[in-house]
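Every number here is computed from the coordinates shown, using simple stated rules; none is lab data. Because the structure is predicted, anything quoted here is derived from the model rather than measured. Cβ coordinates were reconstructed from backbone atoms using ideal geometry, including for glycine residues, and neighbour counts include every protein chain displayed.
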Amino acid sequence: MSLIAILETGRSWAERIPQSFLSLIARVAVANVFWMSGQTKVDGFLHISDNTFYLFREEYKVPVLPPDLAAYMATTAEHIFPVLLVLGLASRLSALALLGMTAVIQLFVYPSGWPEHILWATALFAIIARGPGTLSLDHLIWRSWTHAPAYAHSH
């Protein structure tokens, strides 16, 4: 078997990976990052830690928003949007919200974190551009409303 034939076989196998599988991986991966961050901001159920308020007042210093409001908003978002992403419910909206958070983190909080942030942004852009795939509640809901596949294309 020639090198070209081996490469062609590998390319052919790679192209058979379903978009829905890739979307699921992107959703779970980015959801995990934000969920874990949200978990560091709370003590128990629905109680934002004093350390979180301190960080938003002294270190993060997000412009425009008062620090305590920013702490509440970030903590809430980091608990709601990851769950929605994993479920595949309001996926594009959730990805857009987390992309906005990523931009704020990149621009105002940790500008040197761009290598990691660009990975999050890539996964989020993929979800926004291609949707959550067939392994999602969005797909089931859309299909029940339209009686047609929500994601008819394979790429």
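Most mobile of His47, His139, His79 per a Gaussian network model of the chain (Cα springs, under 10 Å)?
It is His47.
When all C-alpha to C-alpha distances in the chain are sorted into bins of 10 Å, what percent of pairs does each bin hold, rounded to whole numbers?
11, 33, 28, 17, 9, 3, 0
For segment 5-18, what does the Karplus curve 6.51 cos²θ - 1.76 cosθ + 1.60, with θ = phi - 60°, yield as ³J(HN,Hα) per residue in whole Hz, taken in order and with x for Gly and Pro?
Whole-Hz 3J(HN,Hα) from phi for segment 5-18: 5, 5, 4, 5, 5, x, 4, 4, 5, 4, 6, 7, 5, x.
FRET efficiency for Ser12 and Phe125, Cβ-Cβ distance as r, R0 = 22 Å, nearest 0.05?
On the way: r = 26 Å, r/R0 = 1.20.
FRET efficiency, Ser12 to Phe125: 0.25.
Using modelled amide H (1.01 Å from N, peptide plane; none on Pro or chain starts), what sits under 5 Å from the amide H of Val42, excluding residues fewer than 5 places away?
Ser49
Give me a comma-separated list of calculated 3J(HN,Hα) values for segment 139-144, in order, Karplus coefficients 6.51, -1.76, 1.60 applied at θ = phi - 60°, integers in Hz, x for any Gly or Pro.
3J(HN,Hα) across segment 139-144, in whole Hz: 5, 4, 5, 4, 5, 5.
Can you give the relative contact order of the chain as a percent, counting alpha carbon pairs under 8 Å and 6+ residues apart?
28 percent
From largest to smallest, what semi-axes in whole angstrom does segment 1-49 give when each is the square root of 5 times an eigenvalue of its alpha carbon gyration tensor?
Numbers: eigenvalues 384, 21, 5 Å².
Equivalent ellipsoid semi-axes, largest first: 44, 10, 5 Å.
For segment 44-53, in order, what is each residue's ³J(HN,Hα) by Karplus, 6.51 cos²θ - 1.76 cosθ + 1.60 with θ = phi - 60°, in whole Hz (x at glycine and Pro)?
Taking θ as phi minus 60°, the curve returns x, 8, 6, 10, 6, 6, 4, 4, 4, 4 Hz for segment 44-53.
Before rounding to the nearest 500, sum -39500 (n - 2.57) across all DSSP H runs of length at least 4 in the chain and divide by the residue total; then give [θ] at 222 nm in deg cm²/dmol. List each step's numbers first, then the result.
Values: 7 runs with 102 residues, N = 155.
Only helices count here, giving -21500 deg cm²/dmol.
If you fit an axis through the alpha-carbon atoms of helix 91-104 and take the longest principal axis of the Cα set of the chain, what angle between them do you get, 0 to 90°, nearest 10?
The angle comes out near 50 degrees.
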